Amino acid sequence: MNAEQLVKQAWQARKSAYAPYSGFRVGASVLTQNGQVFLGCNVEVASYGGTICAERVAINSAVAAGALNPGELMAVAVAADTDEPTAPCGICRQTIEEFANESTLIYMTRDGEHVSLQVKHRELLPFSFNRRQFRP
Ligand code: THU
């Protein structure tokens, strides 16, 4: 599974987005250590705070399948139809941190074909609060 394949999957997942309130459709895909891919899309609710982002849906899906443990998240792809690449929000960065390792990568795509930006998760969330602070 290379970066282009992963962003294509995220773009595919974006088609399932349920975003009647914002109209902003997002797809995500995550790659686990053993090569499995899980997909997510944003799911909005009328009580807006209940909305969940595509990235967390994908991560939670991997966890629910018993396929993702801390340190095993290799990459996250985020797909949105925007001028600038869409980066994971702060809450999603914290969730990514829970399962990330020092080399976890974030890929962003604006067309589902190309990686428009690639960045290390640890660059997006330096000095994070994480479980090692209280469970060394
Ligand atoms: N959203 C995502 O799904 N992922 C992001 O990285 C940014 C924001 C969603 C949440 C909400 O449904 C909509 O985009 C507007 O914020």
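The values are calculated or read from the model by the stated rules, or taken from the named source; none is laboratory data. Since this is a predicted model, take the numbers as computed values, not measurements. Every residue, glycine as well, gets a Cβ built from its backbone with ideal geometry; the counts of neighbours run over all protein chains shown. The protein model used for the area step is the full one, side chains on, heavy atoms only, and it has no ligands, DNA or RNA in it. Shrake-Rupley method; radii C 1.70, N 1.55, O 1.52, S 1.80 Å.
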**Q.** Positions within the stretch 105-124 being under 13 Å from the mean Cα position of the chain (by Cα) and either without any contact (Cβ under 8 Å) to a residue 12 or more places away in the chain or under 15 Å from S29 (Cα atoms) (or both), in sequence order
**A.** L105, I106, Y107, M108, T109, Q118, H121
**Q.** Residue check, T104 surrounded by 16 or more Cβ atoms within 10 Å (Cβ to Cβ), of a type outside the set (K, R) and out of contact with any Ser or Thr (no Cβ under 9 Å at 6 or more places or on another chain)
**A.** yes
**Q.** Residue, farthest from the ligand (Cβ to nearest atom), within the stretch 83-94, restricted to residues that are touching a strand residue (DSSP E or B) at 6+ places or on another chain (Cβ under 9 Å) and in a loop (DSSP other than H, G, I, E, B)
**A.** E84
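It is to be established whether one or more residues within the stretch 85-96 are more than 19 Å from T32 (Cα to Cα), under 15 Å from the mean Cα position of the chain (by Cα), modelled with pLDDT of 95 or more and open to solvent by less than 30 Å² (accessible area, probe 1.4 Å).
Yes; the residues of the stretch 85-96 include at least one that is more than 19 Å from T32 (Cα to Cα), under 15 Å from the mean Cα position of the chain (by Cα), modelled with pLDDT of 95 or more and open to solvent by less than 30 Å² (accessible area, probe 1.4 Å).
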Q.
part of a strand (DSSP E or B), without any contact (Cβ under 8 Å) to a residue 60 or more places away in the chain and either among the basic types (K, R) or out of contact with any strand residue (DSSP E or B) (no Cβ under 7 Å at 6 or more places or on another chain) (or both): which single residue out of E97, E102 fits that description?
A. E102
Q: Please enumerate the residues belonging to the stretch 1-20 that are open to solvent by less than 70 Å² (accessible area, probe 1.4 Å) and within 13 Å of the ligand (Cβ to nearest atom).
A: A10, A13, R14, A17, A19
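Checking the condition open to solvent by less than 70 Å² (accessible area, probe 1.4 Å), on the phi > 0 side of the Ramachandran plot and at pLDDT 95 or above, which residue from G27, G23, G50, G40 passes?
The unique qualifying residue is G23.
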Q. Of all residues in the stretch 35-77, how many are over 18 Å from E4 (Cα atoms), outside any helix (DSSP H, G or I) and either aliphatic (A, V, I, L, M) or more than 14 Å from the ligand (Cβ to nearest atom) (or both)?
A. 12
